[in-house]
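The values are calculated or read from the model by the stated rules, or taken from the named source; none is laboratory data. Please read these numbers as outputs of a predicted model, since none were measured by experiment. Here the Cβ positions follow ideal geometry from the backbone for every residue, glycine too, while neighbour counts run over all protein chains shown. The protein model used for the area step is the full one, side chains on, heavy atoms only, and it has no ligands, DNA or RNA in it. Shrake-Rupley method; radii C 1.70, N 1.55, O 1.52, S 1.80 Å.
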Amino acid sequence: MKITVLGCGALGQVWLSALHRQGHEVQGWLRVPQPFCSVNVIDENGTAYNHTLPTNDPAHLAQSELLLVTLKAWQVSGALIPLLPQLHPDCTLLLLHNGMGAQDELPANNLPILQGVTTHAARRDGRAILHVAGGITHIGPSSPRGREMSHLAETLHQALPDVAWHDVIAAANWKKLAVNCVINPLTALYGCTNGELTAYPAQIERLCREAAEVMVMEGFHTSTESLLAYVYDVIERTAANHSSMLQDVRAQRHTEIDYITGYLLRRARSHGVQLPENARLFEQIKQKENEYERNHS
Ligand code: KPL
């Protein structure tokens, strides 16, 4: 299959490497074009894979059957909108990012679009990408033509297992959103690992209660208790992790808060509901972000 991967960060490189090893014709797409990208991934068993892959070839993009987008949520529309006119009308978009709402920023189109959430964990270590934990990538349709693309789950599963197809992906997206609304801003605020969040049970309970309230209004079957159990399960499984938001704040990068807690607050507002605990946390992260962004400008 001809594939372009937009966003060659840690997760993008894990996918590029896995798809290339599976025999797919892959290229990376970089914001600052370079003639090639060097992909250096070390898997969970310590095996290193080095490939030099082509990048930013417009002909390859125009023939791609799949455009896998592994950018941060806030980068998606800015990077994707200029590429849309260059895509084949049947090219499937697969959006893999934390948070929700990036797709709403795209112009109306008739492309097959899939959304996904993943529990794979990868991070940069010098010039290498460490694929620190395998996981499951849940994908499903997010546009009418996306429903016809369930066969892609098998193709992707062959390259980087596990991949699970969901006819309704929104439920998985919302569960992941709730996890990110708790773990990401709290770890960024307290400067701690995911595991150290067990020191804040009352705040976690209030955040889950508010998220559950909105999810029920959005039509999902959930409860504070089931969200809490899921959040604590992720905290335990990723105890040693530094969340992506903590890493962004430490590196003084723009965070995904607008697409995580910000999205939850927007949905709550549309139902006429206030979420004081999430709103406070949102403001605290925005304040941190504004401070360093102001200093940079
Ligand atoms: O998705 C994550 C992130 O860091 O962005 C979690 C699940 C919280 C793992 O660290």
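Working only within the range 222-244, note down all residues that are under 16 Å from Ala199 (Cβ atoms) and either more than 12 Å from the ligand (Cβ to nearest atom) or of a type in the set (Gly, Ala, Ser) (or both).
Leu228, Tyr232, Ala239, Ala240, Ser243
For a quick check of your reading: which strands (runs of 3 or more DSSP E) sit entirely within the range 49-127 and have at least 2 residues that are among the small types (Gly, Ala, Ser) and within 19 Å of the chain's Cα centre (by Cα)?
121-125
State all residues of the range 122-134 that are buried (at least 16 other Cβ atoms within 10 Å of the Cβ) and either without any contact (Cβ under 8 Å) to a residue 12 or more places away in the chain or closer than 23 Å to Ala79 by Cβ (or both); if no residue qualifies, say none.
Ala122, Arg123, Ile129
If I ask for residues that are touching a Ser or Thr at 6+ places or on another chain (Cβ under 8 Å) and β-branched (Val, Ile, Thr), which ones from the range 130-157 would you list?
Ile136, Thr137
Which pairs turn up if I take residues in the range 215-237 that are surrounded by fewer than 17 Cβ atoms within 10 Å (Cβ to Cβ) and look for partners that are assigned to a loop (DSSP other than H, G, I, E, B) with beta carbon separation below 9 Å, at least 6 apart in sequence or on another chain?
Cβ pairs passing all conditions: Val216/Thr222; Val216/Ser223; Met217/His271; Met217/Val273; Glu218/His271; Glu236/Asn194; Arg237/Thr119; Arg237/Asn194.
Whether any residue in the range 245-256 is more than 16 Å from the ligand (Cβ to nearest atom), open to solvent by 10 Å² or more (accessible area, probe 1.4 Å), modelled with pLDDT of 95 or more and over 17 Å from Thr193 (Cβ atoms) is what I want to check.
Yes, the conditions are met somewhere in the range 245-256.
Among (1) without any contact (Cβ under 8 Å) to a residue 60 or more places away in the chain; (2) under 20 Å from the mean Cα position of the chain (by Cα); (3) closer than 24 Å to Asp125 by Cβ; (4) not in a loop (DSSP other than H, G, I, E, B), where does Val5 come up short?
Just one mismatch for Val5, condition (1).
Pairs please, first residue from the range 241-253 and under 17 Å from Ala73 (Cβ atoms), second anywhere and of a type in the set (A, V, I, L, M) and outside any helix (DSSP H, G or I), Cβ atoms under 8 Å, 6+ apart in sequence or on different chains.
Pairs that qualify, where the first residue is under 17 Å from Ala73 (Cβ atoms) and the partner is of a type in the set (A, V, I, L, M) and outside any helix (DSSP H, G or I), are Met245/Ile260.
Output the number of the condition that Gly140 fails; it satisfies all remaining conditions of (1) more than 21 Å from Met100 (Cβ to Cβ); (2) crowded, with 21+ Cβ neighbours inside 10 Å.
Among (1) more than 21 Å from Met100 (Cβ to Cβ); (2) crowded, with 21+ Cβ neighbours inside 10 Å, the lone unmet condition for Gly140 is (1).
I'm trying to understand the selection: among the residues of the range 273-283, which are open to solvent by 70 Å² or more (accessible area, probe 1.4 Å) and out of contact with any Lys or Arg (no Cβ under 9 Å at 6 or more places or on another chain)?
Within the range 273-283, Gln274, Arg280, Glu283 qualify.
Does any residue of the range 147-157 turn out to be of a type in the set (Lys, Arg), open to solvent by 60 Å² or more (accessible area, probe 1.4 Å) and within 16 Å of the ligand (Cβ to nearest atom)?
No, that holds for no residue.
Working only within the range 199-213, note down all residues that are assigned to a helix (DSSP H, G or I) and surrounded by fewer than 21 Cβ atoms within 10 Å (Cβ to Cβ).
Hits for the range 199-213 are Ala199, Pro201, Ala202, Gln203, Glu205, Arg206, Arg209, Ala212, Glu213.
In the list Ala48, Ala62, which residue meets the criterion of being under 19 Å from Leu83 (Cβ atoms), surrounded by fewer than 19 Cβ atoms within 10 Å (Cβ to Cβ) and among the hydrophobic types (A, V, I, L, M, F, W, C)?
The match here is Ala62.
Filter the range 1-38 for residues that are at pLDDT 95 or above and among the polar types (S, T, N, Q); which is nearest to Gln63 (Cα to Cα)?
Ranking the candidates gives Thr4 first.
Being open to solvent by 70 Å² or more (accessible area, probe 1.4 Å), in a helix (DSSP H, G or I) and within 16 Å of the ligand (Cβ to nearest atom), is that true of even one residue in the range 173-188?
Scanning the range 173-188 turns up at least one residue that is open to solvent by 70 Å² or more (accessible area, probe 1.4 Å), in a helix (DSSP H, G or I) and within 16 Å of the ligand (Cβ to nearest atom).
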